[in-house]
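Have a look at the structure below before the remarks.
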Amino acid sequence: MTLVLLTAIGVGGATVIGAVIGFLFKKISHKFSDIVLSFAAGVMLAAAVLGLIIPSLDYGGKYGLLITIAGIFVGALCLNLIDKLVPHLHKLAGADIEEHKNANLSKVLLFVSAIAIHNLPEGIAAGVGFGSGDTSQALMIAGGIALQNIPEGMVIIGPMLAAGIKPSRTFFLAMMTGLVEVFGALMGYLAVSVASAILPFALAFAGGTMLYVISDEMIPETHMHGSQRGATYALLVGFCIMLITDVLLG
């Protein structure tokens, strides 16, 4: 449990690290941001497949394939529903934020809700990984999510400052979004620990949420600013590094 808690704090803390970088380098180029985010997408893709989906097949037994496919689609559909109910994270991080002319508090709540709700499934994925009992795979998943959180923390600082939020409050909000992932990780771990029968479905569900985030948010975001070729190779590098890590740890 101690390792799970420390890893959860590390995953959430990665957002804070990204936020600090965002404060230090307010004018981060789109090209740099796209390359980093694509690398993180490759890492998350490998973590989702190797650390969540394949173990789901292994733990599922006779009906493993059906359980895994169902879990992937349910996870993706859940995030799809969230996107319909909550403002999209990357739209909020872009120019669309300027369309909201309400009070600062409304802007803050809009940002916090969007970021926190998108971070919760990632935290759950990290926790579910530990529930499988394979520490090396769980750390790989957590590492992939943490890497994704760094560029996310970097890109959310500028829009919040532009929306008129004080720097101290901006940093506090970034830290709170990281804490959401800590909560999600503990929730995912406890859920599969209490009811081990749901482990195959939970692994596939977590994998489906990660695949959805990669395809629906991360890849499109990195192909919008003319850096798609570099972004593609960065994704492949991230994927291969995690593949090498998995083989060495295995």
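The values are calculated or read from the model by the stated rules, or taken from the named source; none is laboratory data. Note that the structure is a prediction, hence the values are computed from the model and not measured. FYI the Cβ positions are ideal-geometry reconstructions off the backbone, even for glycines, and counts take in every protein chain you see. In case anyone asks, the SASA skips ligands and DNA or RNA and just uses the protein heavy atoms, side chains included. Shrake-Rupley method; radii C 1.70, N 1.55, O 1.52, S 1.80 Å.
Quick notes on this structure:
- Residue satisfying all of: in the range 220-231; open to solvent by less than 60 Å² (accessible area, probe 1.4 Å) and assigned to a helix (DSSP H, G or I); farthest from Asn80 (Cα to Cα) among these: Gly230
- If you go through the range 1-48 and pick out every residue that is open to solvent by less than 10 Å² (accessible area, probe 1.4 Å) and polar (S, T, N, Q), you end up with 2.
- Any hit, the range 219-227, residues being closer than 30 Å to Gly64 by Cβ and in contact (Cβ under 8 Å) with a residue 60 or more places away in the chain: yes
- Leading residue by the ranking (farthest from Met224 (Cα to Cα)) among those in the range 65-92 that are open to solvent by less than 30 Å² (accessible area, probe 1.4 Å) and either modelled with pLDDT under 85 or in contact with a Phe, Trp or Tyr (Cβ under 6 Å, 6 or more places away or on another chain) (or both): Gly71
- Only residues that are open to solvent by 10 Å² or more (accessible area, probe 1.4 Å), in a helix (DSSP H, G or I) and either of a type in the set (Gly, Ala, Ser) or out of contact with any helix residue (DSSP H, G or I) (no Cβ under 6 Å at 6 or more places or on another chain) (or both) were counted across the range 188-216, and they come to 10.
- Of the candidates Val49, Val11, Val4, the single residue that is among the β-branched types (Val, Ile, Thr), touching a Leu at 6+ places or on another chain (Cβ under 8 Å) and under 21 Å from Gly127 (Cα atoms) is Val4.
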